[in-house]
Protein chains: 2
Amino acid sequence: MDEDIERRPGEESVALPEGYDAGVYFIGRVRTPWSRRADCPKNGTQTEAVCTLEVDPLYAPALQNVEGASHLIVLYWMHRAARDLVRQQPRHASGSRGTFSLRSPARPNPIALAVVECLGVEGNRVRVCGLDCLDGTPLLDIKPYYASTDSRPGARVDRAGTAKGAAGAAP
Amino acid sequence: MDEDIERRPGEESVALPEGYDAGVYFIGRVRTPWSRRADCPKNGTQTEAVCTLEVDPLYAPALQNVEGASHLIVLYWMHRAARDLVRQQPRHASGSRGTFSLRSPARPNPIALAVVECLGVEGNRVRVCGLDCLDGTPLLDIKPYYASTDSRPGARVDRAGTAKGAAGAAP
């Protein structure tokens, strides 16, 4: 855990298991214009910045055909996040919330997901638009985005975390 | 790698790094009606089956507020998949394709993603609709699905993997 992690009231942590169940490879790095958290946009839709997925040359052949997708799902590793929080209190929120109800980087497996626009592939680099993470963030995976299975334009999140029956409620 | 993995013509594998860069915890298991690959639906939109995310009791507090989301993103670990393939030849396809242009479970980090409908939370169990994986699949993460950042109804995938300029082309 990085020392820049700020502990807040309303948080609940657990003792994590002693060992991991599986391992991941960092397949490359994400190149963005942002080197400090405070500079990152709130989310990927808030910026027009062109970022680069820099894939390790070992995996470059796996980028074949990637250009055929208008949008990609990028999985990356939030290496500076706490992993032991089961409840958190987001800034500007009243009361704590369950980690799995949040997109916070702090979670048992700090795997973040972004849907990005694919602008082009050159060698081992993919130019994309729609990221909000720090420069140098470890890359885990790139997948084609399928509207048929991945798009749910009518999905709703009730931030109070209560009403399943509140159809039509404002987000 | 599981011995039931079938190697096909058109595949290209690499020598993976000797060590992992980070570790993951299995936070629970996915309970589905399918115990053999041949029985799994082609994808999560092809079935009405209600499945269960069985979260380890350690992480149950993290499920607070999850019910407020109509849809969830589920990340899980395809523990029986090959990890060393950079090019693969999907069944019924001609020619090989880059791993990152496919949703195949075989990839350097076998993290799969499904967008599911959230039907309800009881204790450490979340009932969902929209999964297609084997019963007992290790669970990695649960996130709320936000239409604003995660939904791209107009996204297209050109299976030939060529044309960025082919706007309006059939998927």
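Where a number appears in this text, it was derived from the coordinates with a stated rule and is not lab data. Just so it is clear, the model here is predicted, and its values are computed rather than measured. Using ideal geometry, Cβ is built from the backbone for each residue, glycine included, and neighbour counts are taken over all protein chains shown.
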Next item on the list: Give the longest segment of chain A that steers clear of trypsin sites (Lys or Arg not before Pro) in DSSP loops with at most 15 neighbouring Cβ atoms within 10 Å, not counting the sites themselves.
Entry: A:92-163
Notebook entry, point to check: Put a dot 7 Å past each Cα toward the Cβ at A:C129 and B:R8; how far apart are the dots in nm?
Noted result: 3.5 nm
Next item on the list: May I ask for the net charge around B:L139, where only other residues with Cβ less than 9 Å from the Cβ of B:L139 are counted and Lys, Arg are +1 while Asp, Glu are -1?
Entry: -2
Next item on the list: Before rounding to the nearest 500, sum -39500 (n - 2.57) across all DSSP H runs of length at least 4 in chain B and divide by the residue total; then give [θ] at 222 nm in deg cm²/dmol.
Entry: -500 deg cm²/dmol
Next item on the list: Obtain the radius of gyration and the Kirkwood radius of the stretch A:1-77 from its C-alpha atoms and give Rg over Rh.
Entry: 1.03
Check: Which GluC sites (Glu not before Pro) in the stretch A:29-84 pass both tests, a DSSP loop state and at most 15 other beta-carbon atoms within 10 Å?
Finding: A:E48
Margin query: Can you give the local net charge around B:F26? Use residues other than it whose beta-carbon is closer than 15 angstrom to its beta-carbon, Lys and Arg +1, Asp and Glu -1.
Written below: -1
Checklist line | Ascending list, in nanometres, of distances separating the A:S13 label from those of the other copies (7 Å, Cα toward Cβ) | finding: 4.1
Next item on the list: Compute the FRET efficiency between B:S35 and A:Y20 as 1/(1 + (r/R0)^6), taking r as their Cβ-Cβ distance and R0 = 22 Å, and round to the nearest 0.05.
Entry: 0.25
Check: How large are Rg and Dmax for the stretch A:1-153 when only the alpha carbon atoms are used, in Å?
Finding: 16.5, 48
Check: How far is A:D39 from the same spot in each other copy, in nm, shortest first, if each label point sits 7 Å from Cα toward Cβ?
Finding: 5.3
Next item on the list: Would you mind working out the magnitude of the charge dipole of the protein assembly as shown relative to its Cα centre, with +1 at each Lys and Arg C-beta and -1 at each Asp and Glu C-beta, to the nearest 20 Debye?
Entry: 840 debye
Checklist line | Distant-in-sequence amide H partners of B:D56 (H built 1.01 Å from N, under 5 Å) | finding: B:G28, B:R29
Item checked: GNM top mover of A:V128, A:V24, A:V50 - chain A, alpha-carbon springs below 10 Å -> A:V24
Next item on the list: Would you please give the residues with an amide H less than 5 Å from that of B:R87, counting only those at least 5 places away or on a separate chain, with H modeled from the backbone geometry?
Entry: B:E12, B:T99
Check: Considering the dipole of the protein assembly as shown built from charges on the beta carbon (Lys and Arg +1, Asp and Glu -1) around the Cα centre, which of A:H79, B:P61, A:C51 is farthest to its positive end?
Finding: A:C51
Notebook entry, point to check: What list of ³J(HN,Hα) values in whole Hz, one per residue of the stretch A:62-67 in order, does the Karplus curve 6.51 cos²θ - 1.76 cosθ + 1.60 (θ = phi - 60°) give from phi, with Gly and Pro shown as x?
Noted result: 6, 7, 3, 6, 4, 4
Next item on the list: Report the far tail of the P(r) of the protein assembly as shown, meaning the percent of Cα-Cα pairs longer than 32 Å.
Entry: 26 percent
Notebook entry, point to check: So what is the relative contact order for the stretch B:1-71, in percent, with contacts set as C-alpha pairs under 8 Å and at least six apart?
Noted result: 31 percent
Margin query: Below 8 Å between Cα atoms, with a sequence gap of 6+, how large is the relative contact order for chain A in percent?
Written below: 33 percent
Note to self: Using a 10 Å cut-off around each Cβ of peptide B:133-143, what is the average number of partner chain Cβ atoms that fall inside?
What the structure shows: 3
